[in-house]
Amino acid sequence: MKKWLRNWRLFSLFSVMALLLAGCGKPFLSTLQPAGEVADMQYSLMLLSTAIMVLVIVVVTIIFVYVVIRFRQRKGEENKIPKQVEGSHKLEIIWTVIPIILLLILAVPTVSATFKLADVKPMNKEKRDKDTLVVNVRANLYWWEFEYPDYGVITSQDLVVPTNERVYFNLKASDVKHSFWIPAVGGKMDTNTENKNQFWLEFDQKAADKAGGVFYGKCAELCGPSHALMDFKVKAVPRKEFDQWIEKMKNAKPVVTDPVAKQGEAIFNKSCIGCHAVTPVDKRPEQARTAPNLANFGDRERIAGILDHNEENLKKWLRNPESVKPGNKMTGTYGKLTEEQINALAKYLMSLKVE
Ligand code: CUA
């Protein structure tokens, strides 16, 4: 291949990659734009370790280039051997001590941050403080449940949290291993079926404003054909707004006036209510909660976690869930509903709001 062609291809590849990676820098998604205490700590560690790595690379490269030039074979000196330094105590000590110092510089803040990030004492107190917020996260094949145990409120897909305070999470899964990740706000943690993991996150108000109030959450553990579609949204709001939201959720009940939506309600109560609840206060045990709670469905950010939130997409989802999210467990609608019934259901679901 012509050399210029190869170079040109490489150049194009790098340009495309730069363009693609530039898309990762969004404030609602990017780890490189830390949006809270945890993300800040982790970002600082990343910068520190990168700085140390770059320093080592630069110093080693300089020494390497110097040695290659300084001790290269010269004309007329083919048999000259430079002074040998094998077994030099001084050198051995230098190149043992330098890495030890570098590792210490990296280890001290890393260990200290690890302990800070693992501090979940406030959530496990016998009697929790009134303002310590705990959220139980349950990951299921392609959807997320969020329970606020101290308020008896359950929701799904859209996590609502107060800003500028630590929020504590209990993480688990009901089927296979998933991983709970809000990239801009902190590192991921696995949700397992056999144990409960705990950690905390803090959502910065200023960063939330920059992100438009909504951070993106992801499943970060390969869990099945729709793993890449297992998204959720995080609405980060001031504490006062959060408290108001909780109050509204506690008392939320479907209020249907529109006649078409009323038809939808009838269909829902006949066919869907076995799996989906429409009130956030759901006393059933979690094994019985086999599908997302839809109490505030009309307020949500997405349909099925990924599609823009509008009636058209909702109907598309109801018509054939499999075409949107392969392998999902919503089997009750495909081929079983007429267009008219789908219309009515969509109207009803969109009317479920607390805001
Ligand atoms: Cu759940 Cu990947």
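The values are calculated or read from the model by the stated rules, or taken from the named source; none is laboratory data. Model, not experiment: these values are computed from the prediction. Don't worry about glycine lacking a Cβ; one is built from the backbone with ideal geometry, like all the others, and counts go over all protein chains shown. We work out accessible area using only protein heavy atoms, side chains counted, and drop any ligands, DNA or RNA first. Shrake-Rupley method; radii C 1.70, N 1.55, O 1.52, S 1.80 Å.
Here Asp131 fits the description: touching a residue at least 12 places away in the same chain (Cβ under 8 Å), more than 16 Å from the ligand (Cβ to nearest atom) and either open to solvent by 50 Å² or more (accessible area, probe 1.4 Å) or under 29 Å from Leu352 (Cα atoms) (or both).
Among the residues that make up segment 24-36, is at least one of them open to solvent by 70 Å² or more (accessible area, probe 1.4 Å) and assigned to a helix (DSSP H, G or I)? No, that holds for no residue. Taking each residue of segment 70-95 that is at pLDDT below 85 and looking for partners that are assigned to a loop (DSSP other than H, G, I, E, B) with beta-carbon atoms closer than 7 Å, six or more apart or interchain, yields Pro82/Phe71.
Might you check whether a residue that is touching a strand residue (DSSP E or B) at 6+ places or on another chain (Cβ under 9 Å), closer than 25 Å to Val214 by Cα and not in a loop (DSSP other than H, G, I, E, B) occurs anywhere in segment 322-333? The answer is yes; a qualifying residue exists. When segment 216-232 is filtered for residues that are of a type in the set (Ser, Thr, Tyr) and near the ligand (Cβ under 9 Å from one of its atoms), only Ser226 remains. Applying the condition of being open to solvent by 60 Å² or more (accessible area, probe 1.4 Å) and part of a loop (DSSP other than H, G, I, E, B) to segment 238-256 and asking which residue is farthest from Asp282 (Cα to Cα) yields Val255.
Among the criteria (1) away from the ligand (no atom under 16 Å from the Cβ); (2) open to solvent by 10 Å² or more (accessible area, probe 1.4 Å); (3) touching an Asp or Glu at 6+ places or on another chain (Cβ under 6 Å), the one Val120 does not fulfil is (3). Taking the criterion of being farther than 30 Å from Leu48 by Cβ and loosely packed, with under 10 Cβ neighbours inside 10 Å, the residues of segment 84-102 that qualify are Gln84, Val85, Glu86, Gly87, His89. Do we have Ile81 as part of a helix (DSSP H, G or I) and open to solvent by 70 Å² or more (accessible area, probe 1.4 Å) here? No. So in segment 135-162, with the set limited to residues that are outside any strand (DSSP E or B) and buried (at least 23 other Cβ atoms within 10 Å of the Cβ), which one is nearest to the ligand (Cβ to nearest atom)? The selected residue is Tyr142. When we screen Lys177, Lys235, Lys188, Lys172 for residues that are within 13 Å of the ligand (Cβ to nearest atom), surrounded by 19 or more Cβ atoms within 10 Å (Cβ to Cβ) and of a type in the set (Lys, Arg), the only hit is Lys172.
Can you confirm whether Lys262 is in contact with a Phe, Trp or Tyr (Cβ under 8 Å, 6 or more places away or on another chain) and either within 16 Å of the ligand (Cβ to nearest atom) or open to solvent by 40 Å² or more (accessible area, probe 1.4 Å) (or both)? It is true that Lys262 is in contact with a Phe, Trp or Tyr (Cβ under 8 Å, 6 or more places away or on another chain) and either within 16 Å of the ligand (Cβ to nearest atom) or open to solvent by 40 Å² or more (accessible area, probe 1.4 Å) (or both). Note on segment 267-300: residues that are closer than 17 Å to Lys347 by Cα and open to solvent by 60 Å² or more (accessible area, probe 1.4 Å) amount to 4.
When every residue of segment 220-235 is checked against the conditions, at least one turns out to be assigned to a helix (DSSP H, G or I) and more than 23 Å from Ala39 (Cα to Cα). Taking segment 307-355 as the range and being among the aromatic types (Phe, Trp, Tyr) and exposed (fewer than 15 other Cβ atoms within 10 Å of the Cβ) as the test, only Tyr334 passes.
Residue count for segment 131-154 satisfying the condition of being touching a Lys or Arg at 6+ places or on another chain (Cβ under 7 Å) and either in the same structural domain as Lys283 (by TED's automatic domain parsing) or within 16 Å of Met330 (Cβ to Cβ) (or both): 3.
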